[in-house]
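Taking it in order: structure first as structure tokens, then the write-up.
The values are calculated or read from the model by the stated rules, or taken from the named source; none is laboratory data. Note that the structure is predicted; figures quoted are calculated from it, not measured. Here Cβ is always computed from backbone atoms with ideal geometry, including for glycine, and neighbour counts include all displayed protein chains.
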Amino acid sequence: MKHLRVLSTLAMLAITGYTANVLAQDTALVRISPNSDSAIIGQLESPSLAVDASWPDGAEPIPGWRPIYYRGEFLVYVDSQDVGKNFLPLPGSKYLLSPSREAQILAIATEDDKAEIISIDPRYCHVNLETIVRGYIEDDTFITPSPQETSAAPPLENVETKPAIAKTQYQNLEGIIVSTNYFESQNTGYEFKLINTDNETMAYIDDTNLFSIGPIQEYINSRLVATGSIEKPEESSFVVMNLVRLKKKI
């Protein structure tokens, strides 16, 4: 019986270790910059939950990394001189990851931030911040071929191409749906868009396949969770969410 208990215990430990490894592989660390040595600002339960973002203006895409939008609650620092009379960070001030001028910048303060000062210091104030930031996760599916592989590739006309099988993946985005202005609607072809609390456009909305209890107009200017697939039209600088569901936040 003692041997059976030992074997049972070893089996449970093996299963626990295997489960932990699987969970570790499924999770994705969110970093402040596309560098494995940069600060970790959050974690996703699965890379499939990531909401794709564009690379910063002027930045070259880095192989092996994927920019995403990440919503979280952060403990950051603000220079004490950048705190207003209302004890809130002044718009345009920097949210720092540590109390130092050389610290990495998480985001820039706006009037609409959910920011609360939790401690005051002559140099830097400690701030609890809830916002959406651009982060980066490792993505091994993006591989840049080497020059040798490129030169060794057969001519395109000799390669038998097979049709790709599209697999729809739905994502959740939390934000506010608003109507686009005249110029936006003319340039993009979409009447609605989803913005974050910083009034930044997250995605334009295609409500053709929307399944809800009412028209999209009933959700305008409301905080909500939008569910749908996200794609980037060819030769465009914006992304579109093919909306399937809307749910207002209580």
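The one condition from (1) in contact with a strand residue (DSSP E or B) (Cβ under 6 Å, 6 or more places away or on another chain); (2) of a type in the set (Asp, Glu); (3) under 11 Å from GLY175 (Cβ atoms) that GLU200 does not meet is (1).
Restricting to the stretch 34-77, count the residues that are under 17 Å from ILE132 (Cβ atoms), polar (S, T, N, Q) and surrounded by 13 or more Cβ atoms within 10 Å (Cβ to Cβ). The total comes to 1.
Would you point out the residue of the stretch 62-119, among those that are outside any strand (DSSP E or B) and among the basic types (Lys, Arg), that is nearest to ILE137 (Cα to Cα)? Write out each step before concluding.
Pass one, the stretch 62-119, residues outside any strand (DSSP E or B): 62-64, 80-82, 84-88, 90-93, 97-104, 109-113.
When the remaining residues are screened for being among the basic types (Lys, Arg), the result is 85, 101.
Working: LYS85: 38, ARG101: 26 Å.
Looking at the filtered set, the residue picked out is ARG101.
GLU235 falls short on exactly one of the conditions (1) within 28 Å of THR110 (Cβ to Cβ); (2) acidic (Asp, Glu); (3) free of Cβ contacts under 8 Å to residues at least 60 places away in the same chain, and that condition is (1).
Taking the stretch 30-77 as the range and being under 13 Å from the mean Cα position of the chain (by Cα) and without any contact (Cβ under 8 Å) to a residue 60 or more places away in the chain as the test, the residues that pass are GLN43, GLU45, SER46, TRP55.
Only one of the numbered conditions (1) assigned to a helix (DSSP H, G or I); (2) of a type in the set (A, V, I, L, M, F, W, C); (3) surrounded by 15 or more Cβ atoms within 10 Å (Cβ to Cβ) is not met by LEU224, and that is (1). For the stretch 175-196, the set of residues classified as assigned to a loop (DSSP other than H, G, I, E, B) and either touching a Gly at 6+ places or on another chain (Cβ under 8 Å) or in the same structural domain as THR110 (by TED's automatic domain parsing) (or both) consists of ASN196 only.
Each row is one residue, and each column tells you yes or no for (1) at pLDDT 90 or above; (2) over 25 Å from the mean Cα position of the chain (by Cα).
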{"position": "TYR124", "(1), (2)": "yes, yes"}
{"position": "GLU130", "(1), (2)": "no, no"}
{"position": "VAL133", "(1), (2)": "no, no"}
{"position": "PHE142", "(1), (2)": "no, no"}
{"position": "GLN148", "(1), (2)": "no, yes"}
{"position": "VAL159", "(1), (2)": "no, yes"}
{"position": "SER179", "(1), (2)": "yes, no"}
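The residue that is modelled with the lowest pLDDT, counting only those in the stretch 198-215 that are surrounded by fewer than 17 Cβ atoms within 10 Å (Cβ to Cβ) and closer than 13 Å to LEU243 by Cα, is SER212.
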